1. Find the relative contact order for segment 172-321 and round it to a whole percent, using C-alpha pairs within less than 8 Å whose residues are 6+ positions apart.
2. What are the residues whose amide H is under 5 Å from the amide H of Y281, where those residues sit 5 or more places off or on another chain and H is modelled from the backbone?
3. Can you give me the distance in nm between label points at D96 and R355, each placed 7 Å from the Cα along the Cα-to-Cβ direction?
4. Would you work out if segment 255-377 is rounded, prolate or oblate? Take a ≥ b ≥ c from the square roots of the eigenvalues of the alpha-carbon gyration tensor; rounded if a/c is under 1.5, else prolate when a/b is larger than b/c, oblate otherwise.
5. Kindly report the accessible area of segment 155-240 per residue (heavy atoms of protein chains, probe 1.4 Å, no ligands, DNA or RNA), in Å².
6. Heavy atoms only, probe 1.4 angstrom, no DNA, RNA or ligands counted: give me I563, I577 ranked by accessible area, highest first.
7. Can you give the accessible area of E168, probe radius 1.4 Å, in Å² rounded to 10?
8. Where nothing but the Cβ of Lys and Arg (+1) and of Asp and Glu (-1) is charged, how large is the charge dipole of segment 192-284 around its Cα centre, in debye to the nearest 20?
Amino acid sequence: MTDNRNTIIAVILSGLVLIGWQYFYNVPQMEKQRAQQQAQTELQKPTPQATPSTATPGTTPQPGSAPSPSAAQPASAAPVISREAAIEGTPRVKIDTPTLSGSIALKGARIDDLSLEKYRETVDPKSPPIVLFSPSQTAAPYYAEFGWVPATGATLRMPDATTMWQQEGSGALTPTSPVTLKYDNGEGLTFRRTIAIDDRYLFTIKDEVTNTGSAPVSLYPFALISRHGAPQVSGYYILHEGLIGYLGDQGLQEYSYKKIDDAKTVNFNVTDGWLGITDKYWASALLPETTAKLQARFSSNLVGTTRTYQTDYLQEPQTLAPGGSVTANARLFAGAKEAGVVGINFPLGPGGYNRELGLNHFDLLIDWGWFYFITKPMFLALDWFYRLFSNFGVSILLVTVIVKLLFFPLANKSYASMAKMKSIQPQLAALKERYPDDRVKQQQEMMEIYKKEKINPIAGCLPIALQIPVFFSLYKVLFVTIEMRHAPFFGWIKDLSAPDPTNLFTLFGLIPFDPTTIPVFGHYLWLGIWPIIMGITMWFQMKLNPTPPDPTQKMIFDWMPLIFTFMLAGFPAGLVIYWAWNNLLSVAQQSYIMHRNGVKVELFDNLKATFAPKKAT
């Protein structure tokens, strides 16, 4: 019948979307998580056999060009050492804030040692903090550098990666105590760099140069972020990881590592821009003054055997008269992509750095996706309830109730129409008996009944259609926002952004065997408790409706809960909890509307019939 056919089409299309999502994005999830854990473990180990190069300053650029990507020293001169050894091997200024720890290397004045104190590698609070920046000669160098470059042909002695700066005074860099570094080139130029930091993730750098010589000098301020080696990425289409920037009127620019490898170099001449490198949860970004004219660049270069990635900018030259001085200001964001810190450019959303610094869409450092008009309100609602109840799982339950209330009028019409459909089942059955061989006549008479009873035959599709956008927006929020990372629920759910850790196929931990390692179909042998609960609630929802008369329809509806149970098993636990809770609310809502319309609620009768022994024919 038309209503059943439309419902089946909607269900099949939804199933195909979920299957595609599962196949292309969630099937490799466990493998990638294992690979990331293994890569993180390897990064902590010294590997003296490997010999990628260290980084030295780029060659002197032409006037108006950006600083060149880091050049290489001979590979034999740069064995990889442990991160601890690299840090201890050079004099440093300690960084000590509530959110960041690390140090600034006096050799080169690079910010190349940062760890995020609020975030750990695993759900265990005693696990190591997330490492963001690492010095040269380590397995994965990643750092920010600031400075000046002279005009073409100038033979000035400029500070570089080998320059030893001196700290004026002593003490660590804290939110209340900036540090000042000084370097005298011995040729009439004195460089002084003052670095300040707030209590979150923002560095403010003031570079001042004084000319005590007898001739004027032209200098170009520059800043860069360099990363050596392609990092392990999630590899999901819905998430951008790589080089990113919002560059004036050219808008948002996103280059994955593969894309910039192909392009090699991309240049931008802009005003009011920012640029950097983003991971799933962490990022570093250069935030020049919004009025500065920039020659910005994304680049990928092969240095020895190591691929290096760089975002940089060069500002307009400043002329330094004898006895005079010039100043350049720069800012660096280096930390976690917290929505309240980065900012949400949305009504009633937190401003963060985006609003405080007047930046150009810095909120897009978080990948809200094309449907940001759904994902941002979804996050704001979840975050608001979290501030009240301190549990994102509870937030998901409450937001689901609110979504139900928002769509209550539409859902009521849909369920009321479905209830009327059930009430006319005897009439439709009579049509089949009256015109057993004339399907056209059956359809004509059926439409007349629909018209007479004011029934919309496609109304049954609305509950599913309404649930899909909410489902994907919640999936996006759970997947990309750091607030959901390691967010616990109750019981065994310690991370709402990860799949349910329990597994039926190991008897929930009693059998010491990982069935997901089985080739080909092992990924589907992960079935946690919450996916099972979700499948049961979906089965209840299906049993609320009368048994379809067509055997094919009945088979589809009978198997659908089981299929969805396995499909959603690899999804984030928060999403599965949402789906299960939504099913229960739908059962209650539909039962109430059916009762109000005088239609018998057949849930318990259908459940009883399912387990009743079949009569012999």
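The values are calculated or read from the model by the stated rules, or taken from the named source; none is laboratory data. The structure displayed is predicted, hence computed values, not measured ones. FYI the Cβ positions are ideal-geometry reconstructions off the backbone, even for glycines, and counts take in every protein chain you see. SASA here: full protein model, heavy atoms, side chains in, ligands and nucleic acids out. Shrake-Rupley method; radii C 1.70, N 1.55, O 1.52, S 1.80 Å.
1. Numbers: 314 pairs, mean separation 34.8, N = 150.
About 23 percent, as a whole number.
2. none
3. Inter-label distance under the simple model: 3.4 nm.
4. On the way: a/c = 2.29, a/b = 1.21, b/c = 1.89.
Oblate, since a/c reaches 1.5 and b/c is not below a/b.
5. On the way: 3640 Å² over 86 residues.
In whole numbers, segment 155-240 has 42 Å² accessible per residue.
6. Values: I563 85, I577 5 Å².
So, going from the largest accessible area down, we get I563, I577.
7. Approximately 80 Å² for this residue.
8. Details: 9 positive and 11 negative charges, 51 e Å.
Dipole magnitude for segment 192-284 comes out near 240 debye.
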